[in-house]
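Below is one structure; the comments refer to it alone.
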Amino acid sequence: MELEVRHLRALCAIADAGSLHRAARQLGVAQPTLSTQLSRIEQALGGQLFVRERSGCRPTPLGRTVLGRARPLLADMRTLVREARAAAAGGDSRLRVGSTASRALAGWLRRLRHPGLEPTLQMDVSANALLRRVGDGQLDVAFVHEVEGCPLRVPEGLRLRVLIEREPQFVMLPADHPAAARPVVHLTDLADDRWMVDPTVDGEWDGVHRMLRAVGLDPRVLHGDYHTAASLVATGEVVTVCQPSSQSRPDMVVRPLYGDPLGVRLLLAARTRAELDAVYPALEEAYWEVARQSSVYREWLEGPRPHAVAPCSPATGAETDRAEFVPAR
């Protein structure tokens, strides 16, 4: 038997209802029919998906795995049907946007939205996961970053456009930190500090670890997301790397690192050049808008830095096919 969408819908109904009886009623079929269908699905997949108990049904470990894959597939199918019906009726078209964290995101979405086009957004800390979704047709475009020295796994057939070849990563530290009074912070100024890193961000821990080891530091490290890191920086618990467009606050400051030891490449991915052309100008404009809003980043861009690498310049829009793509080093 070949698994079909209706089979996935039945599995999710059983899990949600908690019993074959209630699921059959929701699906509008007889309970024996649903029970027979479940047995055939289990036979096709090679294992038991639900444990039948007096109180109802609960998923087995295999069942939880299958349900975890089935639910997003059903959601994608509902989206496909909705968008197809809207297109057939002449309604608004949808632009499915994916992105890792970026301060440019709000301005980009605002510029993309107009009558007849409504962007939807899917955030993910994993750039590789977003690229896979573009390759699989689940997203139209994705704005991602590639940590220096940690090449992304780009699916075959994707087209990439470089927004920024090397964006320096700055450091966020408490406002009362001794190094906060300096315009540029040396890593050795932070030798006694704890760092916070998000290990779920592709390449971030490897990049930060390599940066610290290069100057002989092996600090204590906590793991947490961006929001947790900002909260702990504000209370003096940790320091963390951050995007250069991040804004200082009364309780914490953003500073460049001496020598710009860590950088990322900012990339826009799509399946066709036409899709890139349609959204790239708005992204470029949004990025430089937030870059100018950050006084620290603006000074970095405009000021002489004899200790630093070449300044990050407005994107040339360089484009590559997957076969020509060379990760940043």
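Local charge for A129 was computed over the other residues whose Cβ lies under 15 Å away, with Lys and Arg +1 and Asp and Glu -1, and equals -2. Volume per residue for segment 1-76 equals 82 cubic angstrom (convex hull of Cα atoms). Tell me the mean residue ellipticity at 222 nm calculated for the chain from its helices only (DSSP H runs of n ≥ 4, each -39500 (n - 2.57), averaged over every residue, nearest 500). That comes out to -12500 deg cm²/dmol. With R₀ set to 45 Å, the beta-carbon distance separating V125 from Q26 gives a calculated FRET efficiency near 0.80. When all C-alpha to C-alpha distances in the chain are sorted into bins of 10 Å, what percent of pairs does each bin hold, rounded to whole numbers? Histogram of Cα-Cα distances, whole percents per bin: 5, 21, 25, 20, 16, 10, 3, 0. Divided by 2.2 N^0.38 Å, where N counts the residues, the Cα radius of gyration of segment 107-172 comes to 1.27. Remark: accessible surface ordering of H145, H223 (largest first) is H223, H145, probe radius 1.4 Å.
Exposure check, 1.4 Å probe, all protein chains in place: V5 carries approximately 50 Å² of accessible surface. Quick one: helix 273-293 against the long Cα principal axis of the chain, what's the angle to the nearest 10°, folded into 0 to 90? Its long axis makes an angle of about 50 degrees.
M77 exposes around 70 Å² of accessible area when a 1.4 Å probe is run over every protein chain in place.
If R0 is taken as 35 Å, the Cβ-Cβ distance between S231 and E118 corresponds to a FRET efficiency of 0.60. Measuring nothing but how far apart in sequence close Cα pairs (under 8 Å, 6+ apart) lie, relative to its length, the chain scores a relative contact order of 21 percent. Straightening the chain between A75 and M1 buys 24.3 nm, computed as 0.36 nm per residue apart minus the Cα-Cα spacing. Projecting label points 7 angstrom from Cα along Cα→Cβ for H223 and E302 puts them 4.2 nm apart.
Ordering A15, V154, L62 by the projection of their Cα atoms onto the charge dipole of the chain, which places +1 on the Cβ of Lys and Arg and -1 on the Cβ of Asp and Glu, puts A15 at the extreme positive end. When nucleic acids and ligands are ignored and a 1.4 Å probe is applied, D136 ends up with an accessible area of around 110 Å².
The values are calculated or read from the model by the stated rules, or taken from the named source; none is laboratory data. As the structure is a prediction and not an experimental result, all values here were calculated from the model. Don't worry about glycine lacking a Cβ; one is built from the backbone with ideal geometry, like all the others, and counts go over all protein chains shown. Side chains are part of the model used for accessible areas, which takes the heavy atoms of the whole protein and leaves out ligands, DNA and RNA. Shrake-Rupley method; radii C 1.70, N 1.55, O 1.52, S 1.80 Å.
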